[in-house]
Amino acid sequence: MNDAANSPAPQAPYALRAPAGVEALVPMDGPASGDAAMAPVPIDGGLALGRGPDGRLMLSDAQGTVHAGVLPVRAFPLAAPGEGLSLVGAEGRELAWIERLDSLPPAARALVETALAPRDFAPTITRLDAVSGFSTPSVWSVVTDRGPTRFTLRAEDDIRRLQGNTLLIVGEGGVQFRIADRFALDKGSRRLLERFL
């Protein structure tokens, strides 16, 4: 009996396989060819990203260990959202550091951005329509990049100045609203806003 004919096809020494019950991992250098096998791309070691059946991010390290429930955490979410990103394991330890999000290949970047989206929810205010009063608490009616909404500003301290002309406004329930450039707002919006600055 010929052993070569009965043995499985040889795998590349660097190939990683997704464990049973896990969707194929997406290698950091693009889609894998064939089944779930992939070649890790060295980014502080060989790494591959994927998503498990529960939709959570997974990281496969250079040793082939698959870490489930990985959370991407931005080091500077407001000042430099595209720079300094930590991939943190379910135990709360950093598994990998990414200097720049745009340095990742498109498939890996899309996975990370999808995982970041719920954490980064901060609608951008494009117009202030009305304010219930000029003392706090006050109800603000605004238009954002996600549509019109109303929120309660509890204290003037909930308006924070960021880099340049950017403002961060924390509404009731902790929802954060951004104003990218307060001077780019229309005249009526600027007039309402100035009462609180």
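The values are calculated or read from the model by the stated rules, or taken from the named source; none is laboratory data. Not measured: the values here are computed from a predicted model. We place every Cβ from the backbone using ideal geometry, glycine too, and count neighbours over all the protein chains shown. Ligands, DNA and RNA are excluded from the accessible area calculation, which covers all protein heavy atoms including side chains. Shrake-Rupley method; radii C 1.70, N 1.55, O 1.52, S 1.80 Å.
Some notes on this structure:
- Of the residues making up region 93-112, those that are at pLDDT 85 or above and open to solvent by 90 Å² or more (accessible area, probe 1.4 Å) are Arg93, Glu94, Glu99, Arg100, Asp102.
- Within region 159-180, not a single residue is over 11 Å from Thr126 (Cβ atoms), modelled with pLDDT of 90 or more and among the acidic types (Asp, Glu).
- Considering residues of region 67-87 that are open to solvent by 30 Å² or more (accessible area, probe 1.4 Å) and among the hydrophobic types (A, V, I, L, M, F, W, C) only, the residue farthest from the chain's Cα centre (by Cα): Ala68
- Some residue of region 98-106 being farther than 22 Å from Arg178 by Cα, assigned to a strand (DSSP E or B) and not charged (D, E, K, R): yes
- Hits in region 170-197 - residues which are part of a loop (DSSP other than H, G, I, E, B), under 21 Å from Ala155 (Cβ atoms) and among the small types (Gly, Ala, Ser): Gly171
- Here Thr126 meets each of (1) polar (S, T, N, Q); (2) assigned to a strand (DSSP E or B); (3) more than 28 Å from Val73 (Cα to Cα) with one exception, condition (3).
- Looking only at region 117-166, and only at residues there that are touching a Pro at 6+ places or on another chain (Cβ under 6 Å) and hydroxyl-bearing (Ser, Thr, Tyr), the one that is surrounded by the most Cβ atoms within 10 Å (Cβ to Cβ): Thr144
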